[in-house]
Amino acid sequence: DAPGGDWSRDRKWKVYAWQGDVFLKSAATGKSRQLTRTAEEEREPRFMTRDQRGDQRISFRRGDGFFVYDLATGLVSQPVDVRLAKDPADEDDPTFLKAEQLRLFDVLRKRKSDRDAARAEDRAAQRADATRPPLPFYLGDKLKIVDAALAPSGDWLLLVTAPKDAKDSKGGKDAKGTKDAKDAKDADEPHTILPKYVTESGNVEVEDVRPKVGIEPVARSLTLLDLRAHRRYDLDLAALPGILDDPLKEMRERAEKKRAELKKAREAKEAAERGRPAPEDESAKPAAAASDKPEKDKADQDKANKTGKDKPAPRPCDVPGLAWSRDGRQVAVQIRSFDNKDRWLATIDLATHRLVPRERLSDPAWVTWDLNDFGWLPDGRTLWYLSEKTGYSQLYAVDVVSGGTRQLGRLAQGDFEVSSPVASHDGRYIYYRANAGQPGTYEIWRVETASGRAEQLTRLGGLNDFLLSPDERRLLLTHSSIARHDELYVQDARPAADSVHASKASHASGTARQLTHTISDAYLAVDWTIPDIVPIPSTHVAHPIYSRVYTPPGFDPGRRYPAVVFVHGAGYLQDAHAGWSYYWHEFLFHTLLTRHGYVVLDMDYRASAGYGRDWRTAIYRQMGHPELEDLEDGVAWLAAHEQVDPQRVGIYGGSYGGFMTYMALFRHPDLFAAGAALRPVSDWAHYDHDYSGAILNTPELDPEAYAASSPIEYVAGLARPLLICDGMEDDNVFFQDNVRLVQRLIELKKENFELAVYPLESHAFREPTSWLDEYRRIFKLFERYLKP
């Protein structure tokens, strides 16, 4: 078996892809049989709706094509043939010579007529013969297919396309770490060369990695193919509300004006150096009267007005999601503007071939990267989705027939985030994770779709995630606490009032039974320091800053302690929660620090996940500023509540945490006595387009945001000891980032910094020796500069 896949409507069969082939599994016997065995990769198998004879069929993808496997006959057929080429029947624009030849010579005209008739006859015969493949759709040779979804009925195909040879910000490494450097290179995009110095060959080897921020986006297009009538419909995105607006218009005009001023100043300087008069300022000239305008310009303008050329075009958009209803009668699409300001959810009216907007989520900062799930209930008319419209991710449902929208699972106990929704196969419930009650505790809930009533299913505390059993009677859980990593649990999927059929012995309602015990005796023998989760008051916003606070054993209230502030990475990540941390190396290290008399603080500063939209977007156009205010509040709180000497506080962190270490030491040199920046970002103009471009726009459009947010602009402020640790094969935050920053430190004659390089490490270290070396250096830094 394999994760994902699809279940038949009667829940008797599961189809899934495994190592590039398609398999079918019987729920009754548990046995699987292989349906394909090819060198090409098959993926995305789905059960289709039953055909006129009631036979069950399975669709799957191979390359850009779709295929159907008939379970009754074993026949593999092709429901649609999409070709990225010109239609041979389409004539090119006739040249003079071609038109002349056909006008002059009867034989040529007759041969062409015979050719056209034969082609039309062959197409008619192919359309009428059920044993032959379908007629091809020719999309032309200027497009590439980005995504596609076949209707379960087999009647429709929805395509997402983009220009074939256009430069694309989606090439290279994206925000989630996937790579497509080959595509970037093939499209002749700017891309970065990553050198590798320690290699098996003994030579320096290079790798192409992602482009940097600022690549122009390539707009996606939506095309609907009617497979029965063999017709193509290109969908007009202008139907989406607000898509013709430019939310960055003022910023764009300001940037253009600034560029014009710089150009003028540069030209004036060059003219002065050459002893020539400065170029005349065209903008200072009086505007010409309408009557003075040349007739040709006026005619051109009249022609443009008639043809609609001045009509604003839709903003370039991506289409990250397509979803057909189970019966194939409805399809939903998620569309996101490349400027990150809007996300639309729409359906398609298959009768009129038009987009029908269902929700527009706008954000003056940026629409979140995650929490964008959506799907259909089995009734084929209810579309469910997550939205931050209230400021927190919540679950909604819209009836696409009546148009009514309602929120599901509303609670009276405050703000919280909903994630990972999964609808039951009968559509009665949607299961999900939520941090209702405490932002650092995630339990499993379900909501009844008819009433909207929410029910809490688990009460384990910590962090929990889930899978529904195939019969949907039980939950398979991963559960962790602060000092215990994920283990597997199982429990009934119904609350107590609805679980009369549950087995009291093994998985009674609300009681989770642990299945695995994978923690070693050596780990259990250590008396780990368990942090308290504390809501530290903020002096800048009303919301508290949730934080992990580690204190030394035998805490002496009469003693003044040194302290270390750890800054988690990713920016948009939650670490002050009640479960096992992604930063488990640091959890172990913090116990070591407390054994040596340090208090440790780990804050979910503004920009962290789990606390809603406003907390996330507080850093828009000012990365490193609100977060530093939160760190200041943290140090003040330690001094007031944990007997910490504010003159003996250090800071460290990796990736975004390294960036914040830079910002703290450069912008507030008196706050921390020493700092260690691990794999840090020094200049956001050199980072990833999807991440930097969302928070800071682009350097060409918003240079002020990049200047305000990049540590390399503040290097002169360094006054305290700084340790920089960086992997030379880092394909996320390039090693070049910190080579550039070190050069600035050298030019500014700074003496109190050290650079430790790791020639065989990428962004996340893999070798134990590298981890040991890095943390030994951090520990020695703190021992030297934070102890009395």
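Under the convention that each Lys and Arg Cβ holds +1 and each Asp and Glu Cβ holds -1, the size of the dipole of the range 502-660 around its Cα centre is about 360 debye.
Write down Rg/Rh for the range 636-727, rounded to two decimals, with Rg from the C-alpha atoms and Rh from the Kirkwood relation over Cα pairs. Walk me through the intermediate numbers first.
Details: Rg = 14.7 Å, Rh = 14.0 Å.
Reported Rg/Rh (Cα atoms, Kirkwood Rh): 1.05.
Across the options THR161, GLN574, ALA609, the greatest Cα extent toward the positive end of the charge dipole of the chain (unit charges at beta carbon of Lys, Arg, Asp, Glu) belongs to THR161. In the range 1-160, a dipole from Cβ-located charges (positive for Lys and Arg, negative for Asp and Glu) runs towards its positive end, and of TYR69, PHE105, GLN34 it is GLN34 whose Cα lies farthest in that direction. Only DSSP H runs of four or more residues enter the estimate; each adds -39500 (n - 2.57), and after division by the residues of the chain the mean residue ellipticity at 222 nm equals -7000 deg cm²/dmol. Taking 0.36 nm per residue of sequence separation and removing the Cα-Cα distance, the LEU102/ARG428 pair yields an extension gain of 110.6 nm. Ranked by the mean number of other Cβ atoms within 10 Å of their residues, highest first, the peptides 340-349, 454-463 come out as 340-349, 454-463.
Which percent of the accessible heavy-atom area of the range 4-83 goes to carbon and sulfur, probe 1.4 angstrom? Don't jump to the answer; show the numbers that get you there.
On the way: 2020 of 4430 Å².
C and S fraction of accessible area: 45 percent.
The GluC sites (Glu not before Pro) of the range 53-135 meeting both criteria, a DSSP state outside H, G, I, E and B (loop) and at most 13 other C-beta atoms within 10 angstrom of the site's C-beta, are GLU91.
Here the gap between ASP527 and LYS86, fully extended at 0.36 nm per residue and compared with their Cα-Cα distance, gives a gain of 151.7 nm. May I ask for log10 I(q)/I(0) of the range 572-677 at q = 0.11, 0.23 Å⁻¹, from a Debye sum over the Cα atoms as equal point scatterers with solvent left out? Treating every Cα as an identical point scatterer, log10 I(q)/I(0) equals -0.34, -1.51.
Using C-alpha pairs below 8 Å separated by at least 6 residues, the relative contact order for the chain is 7 percent. Within the same chain, aspartates and glutamates fewer than 8 places from LYS787 are excluded, and of the rest, those with a Cα less than 12 Å from its Cα are ASP645. LYS98 exposes around 90 Å² of accessible area when a 1.4 Å probe is run over every protein chain in place.
Any idea what the dipole of the range 393-491 comes to, in debye rounded to 20, about its Cα centre with Lys/Arg Cβ at +1 and Asp/Glu Cβ at -1? Numbers along the way, then the final one.
On the way: 10 positive and 12 negative charges, 37 e Å.
For this selection, approximately 180 debye.
Kindly rank 759-766, 467-474 from highest to lowest mean number of other beta carbons found within 10 Å of each residue.
Top to bottom by mean Cβ count within 10 Å: 759-766, 467-474.
About its Cα centre, how strong a charge dipole does the chain have in debye, to the nearest 20, once Lys and Arg get +1 and Asp and Glu get -1 at the Cβ?
Values: 111 positive and 124 negative charges, 323 e Å.
About 1560 debye.
Which net charge results when you count Lys and Arg as +1 and Asp and Glu as -1 among the other residues whose beta-carbon is under 10 Å from that of PHE67?
On the way: positive: ARG61, ARG62; negative: GLU42.
Value of the local net charge: +1.
For the range 263-275, backbone phi angles converted through the Karplus equation (6.51, -1.76, 1.60; θ = phi - 60°) give residue-by-residue couplings of 5, 4, 5, 5, 5, 5, 5, 5, 5, 5, 5, 9, x Hz, Gly and Pro being listed as x. The amide H of ASN464, built 1.01 Å from its N in the peptide plane, has TYR442 as neighbours under 5 Å, considering only residues 5 or more places off or on other chains.
Compute for the range 369-483: radius of gyration divided by Kirkwood radius, i.e. Rg/Rh, restricted to C-alpha atoms, rounded to two decimals.
Details: Rg = 14.0 Å, Rh = 14.6 Å.
Here the Rg-to-Rh quotient is 0.96.
Of interest is the spacing of the C-alpha centroids, which for the range 722-785 and the range 337-387 amounts to 43 Å. With the crude spin-label approximation of a point 7 Å out along Cα→Cβ, what separation in nm comes out for LEU262 versus ALA2? Placing both labels 7 Å beyond Cα along the Cβ direction yields 5.0 nm.
Two numbers describe the Cα atoms of the range 503-591: Rg and Dmax, which are 17.8, 56 Å.
In this structure, the amide hydrogen of GLY569, modeled 1.01 Å from its nitrogen in the peptide plane, lies closer than 5 angstrom to those of GLY654, GLY657, counting only residues at least 5 positions away or on a different chain.
Using Cα pairs closer than 8 Å and at least 6 residues apart in sequence, work out the relative contact order for the range 191-275, in percent. Write out the running numbers ahead of the final one.
On the way: 50 pairs, mean separation 11.9, N = 85.
Rounded, it is 14 percent for the range 191-275.
Could you give me D for the range 596-644, from Stokes-Einstein at 25 °C and 0.890 mPa s, where the hydrodynamic radius is the Kirkwood radius over C-alpha pairs? Units µm² s⁻¹, please.
Numbers: Rh = 11.9 Å.
Here the translational diffusion coefficient equals 206 µm²/s.
How large is the translational diffusion coefficient of the chain in µm² per second when you combine the Kirkwood radius over alpha carbon pairs with Stokes-Einstein at 20 °C and 1.002 mPa s?
On the way: Rh = 30.6 Å.
Once the numbers are plugged in, D ends up at 70 µm²/s.
For the range 93-99, the Karplus equation 6.51 cos²θ - 1.76 cosθ + 1.60, evaluated at θ = phi - 60°, returns couplings of 4, x, 7, 4, 5, 5, 4 Hz by residue, with Gly and Pro reported as x.
When peptides 564-575, 26-37 are ranked by their average number of other Cβ atoms within 10 Å per residue, the highest-first order is 564-575, 26-37. When the Cα positions of VAL213, THR529, SER469 are compared along the charge dipole of the chain, SER469 comes out farthest toward the positive end, with charges on each C-beta of Lys, Arg, Asp and Glu. Remark: the range 653-663, residue by residue, has Karplus-estimated 3J(HN,Hα) of x, x, 6, 4, x, x, 4, 5, 4, 4, 4 Hz, where x stands for each Gly or Pro and the curve is 6.51 cos²θ - 1.76 cosθ + 1.60 at θ = phi - 60°. Can you list residues from other chains, or at least 5 along the same chain, whose modelled amide H is less than 5 Å from the amide H of PHE338? Sorted by chain and number, the residues that satisfy this are CYS317, ASP318.
Placing one equal scatterer on every Cα of the range 644-788 and applying the Debye formula, the log10 ratio I(q)/I(0) at q = 0.17, 0.18, 0.21 Å⁻¹ is -0.93, -1.03, -1.31. The distance linking the range 416-485 with the range 606-678 is 33 Å (Cα centroid to Cα centroid, whole angstrom). Average accessible surface for the chain: 49 Å² per residue, computed with a 1.4 Å probe over protein heavy atoms with every protein chain in place.
Averaging 1/r across all pairs of distinct Cα atoms in the range 312-415 and inverting the result yields a Kirkwood radius of 14.5 Å. Pairs exceeding 22 Å between alpha-carbon atoms, taken from LYS341/LYS389; LYS112/LYS142; LYS249/LYS341; LYS86/LYS112: LYS112/LYS142.
For the range 312-355, the alpha-carbon radius of gyration amounts to 1.28 times the rule-of-thumb value 2.2 N^0.38 Å expected for a compact globular protein. In terms of its Cα atoms, the range 4-74 spans 30, 29, 21 Å along the principal axes, sorted from long to short. Ranking of THR698, THR352, THR591 by solvent-accessible surface, largest first: THR352, THR698, THR591 (1.4 Å probe, protein heavy atoms only, all chains present).
The values are calculated or read from the model by the stated rules, or taken from the named source; none is laboratory data. No experiment lies behind these values; they were computed from the predicted model shown. Positions of Cβ are backbone-derived with ideal geometry, glycine not excepted, and every protein chain shown enters the neighbour counts. Just the protein is used for accessible areas: all its heavy atoms, side chains included, with ligands, DNA and RNA removed. Shrake-Rupley method; radii C 1.70, N 1.55, O 1.52, S 1.80 Å.
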